[in-house]
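Student: Pasting in a structure now, in structure tokens, and then I'll have a few things to ask.
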Amino acid sequence: MKISALLTTYNRRAAVLRTIEALLAQDYPLAEITLTVLDDCGADGTAQELSARRWEFLARGLADLRVLRNATNMGISYNRGLLARSAGSAEYLLYLDDDVYLEKGTVRALLACLEAHPGCGMAGPRLVYASDPGRTAHCANFVGKWGGRYSELDADVETECDWLNSSCFLVRASAAAGVRHSADFYTSHEEVDYCLQLGRAGWKLRYCPSVKALHDIQPLGGGRRDRLYYLYRNKLLVFRRNFPPLRRLTATAVTVFLGLPLYILESLRRNRGVNLKELRLIFKAIFDGLAGRYGKR
């Protein structure tokens with residue numbers, strides 16, 4: 001089965017090289033894997049190094065390595081759409097973040113899951129913290145039907161869910177052909193939108209906890225403050241794009257009237273007092289989400 005591995009990166013040269021090394025160490029035939037890396041206008045020379053080492057990676061068995069580079073920083077949502085359109089004739093698309101390190105059998109196991117379930121369009125592993133491999137970072141995720149509340153379940157058995165973290169998942173090309181990555185989000189929640197599109201098209205999504213991959217992120221969301229605006233705004237965009245009118249109304253109301261106070265309390269707790277700049281950002285995110293504003297702030 002031909003697999004197109006799609007990897008977007010930004011100023012993480014050391015991490016992305018480790019990600020590629022883990023891909024090359026898979027027990028799946030490398031001759032069936034094409035890797036496309038998109039450098040989102042980084043300044044650390046990632047694109048140049050990968051281009052210079054292309055023949056080295058091909059000599060190790062990889063079917064092909066393509067290196068792309070944006071002229072300006074476009075954001076992960078745009079990048080994933082561009083990568084998906086470059087996948088060619090592959091039967092499966094493997095999405096990877098530049099800080100995810102696959103265990104040796106990850107690709108083969110995810111493919112086996114999809115092959116065993118013809119109605120399943122996407123399969124994702126248990127993503128664990130690279131610094132604490134016994135601890136789950138991402139698992140099966142759900143979206144409340146009426147309130148839009150996100151929840152998760154770190155099940156011990158394969159579980160159908162509403163969405164999977166896009167740091168690592170495998171998608172059938174036939175399923176991916178019917179959905180699109182929207183650049184509207186810039187970053188955050190873009191995978192929720194993508195997965196909900198798959199579900200509306202009739203495809204199942206499956207969390208495979210026996211399959212593991214390491215995600216090199218800080219526990220407890222320590223690196224997410226720079227994405228605060230997108231985290232809050234884009235959730236409202238998810239409702240706008242994927243929910244029918246009545247559900248969109250109830251989910252939006254729950255987020256504004258119940259979620260907003262929680263966001264404010266979290267800001268007060270984290271900053272041990274009032275941080276006016278952050279509070280203004282939170283209110284702007286909610287206002288822009290209600291107004292349907294999108295793209296890069």
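Student: Go through 95, 28 for me and flag whichever is within 30 Å of residue 184 (Cα to Cα) and among the aromatic types (Phe, Trp, Tyr).
Tutor: It is 95.
Student: Which ones in the stretch 46-77 are modelled with pLDDT under 95 and outside any loop (DSSP other than H, G, I, E, B)?
Tutor: If the condition is that a residue be modelled with pLDDT under 95 and outside any loop (DSSP other than H, G, I, E, B), then 76, 77 are the ones that fit.
Student: Hey, another quick one. Do the conditions hold for residue 95, that is, is it surrounded by 20 or more Cβ atoms within 10 Å (Cβ to Cβ), under 13 Å from the mean Cα position of the chain (by Cα) and either touching a residue at least 60 places away in the same chain (Cβ under 8 Å) or under 26 Å from residue 33 (Cα atoms) (or both)?
Tutor: yes
Student: Among the numbered criteria (1) without any contact (Cβ under 8 Å) to a residue 12 or more places away in the chain; (2) crowded, with 18+ Cβ neighbours inside 10 Å, which one does residue 67 miss?
Tutor: (1)
Student: Could I ask something else about it? How many of the residues making up the stretch 182-214 are in a strand (DSSP E or B), crowded, with 20+ Cβ neighbours inside 10 Å and in contact with a His (Cβ under 8 Å, 6 or more places away or on another chain)?
Tutor: Here the count works out to 1.
Student: Right, something else. Can you tell me which residue among 14, 43 is surrounded by fewer than 18 Cβ atoms within 10 Å (Cβ to Cβ) and assigned to a helix (DSSP H, G or I)?
Tutor: Exactly one residue qualifies, and that residue is 14.
Student: Tell me which of these residue 146 doesn't satisfy, since it passes every other one: (1) more than 16 Å from residue 99 (Cβ to Cβ); (2) surrounded by 15 or more Cβ atoms within 10 Å (Cβ to Cβ); (3) of a type outside the set (Val, Ile, Thr).
Tutor: Among (1) more than 16 Å from residue 99 (Cβ to Cβ); (2) surrounded by 15 or more Cβ atoms within 10 Å (Cβ to Cβ); (3) of a type outside the set (Val, Ile, Thr), residue 146 violates only (2).
To keep it simple, each residue is scored yes or no on (1) at pLDDT 95 or above; (2) in the same structural domain as residue 181 (by TED's automatic domain parsing); (3) of a type in the set (Lys, Arg); (4) surrounded by fewer than 20 Cβ atoms within 10 Å (Cβ to Cβ).
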| position | (1), (2), (3), (4) |
| --- | --- |
| 113 | yes, yes, no, no |
| 125 | yes, yes, no, no |
| 136 | yes, yes, no, yes |
| 150 | yes, yes, no, yes |
| 160 | yes, yes, no, yes |
| 166 | no, yes, no, no |
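The values are calculated or read from the model by the stated rules, or taken from the named source; none is laboratory data. Keep in mind that this is a model prediction, so the values were computed, not measured. Here Cβ is always computed from backbone atoms with ideal geometry, including for glycine, and neighbour counts include all displayed protein chains.
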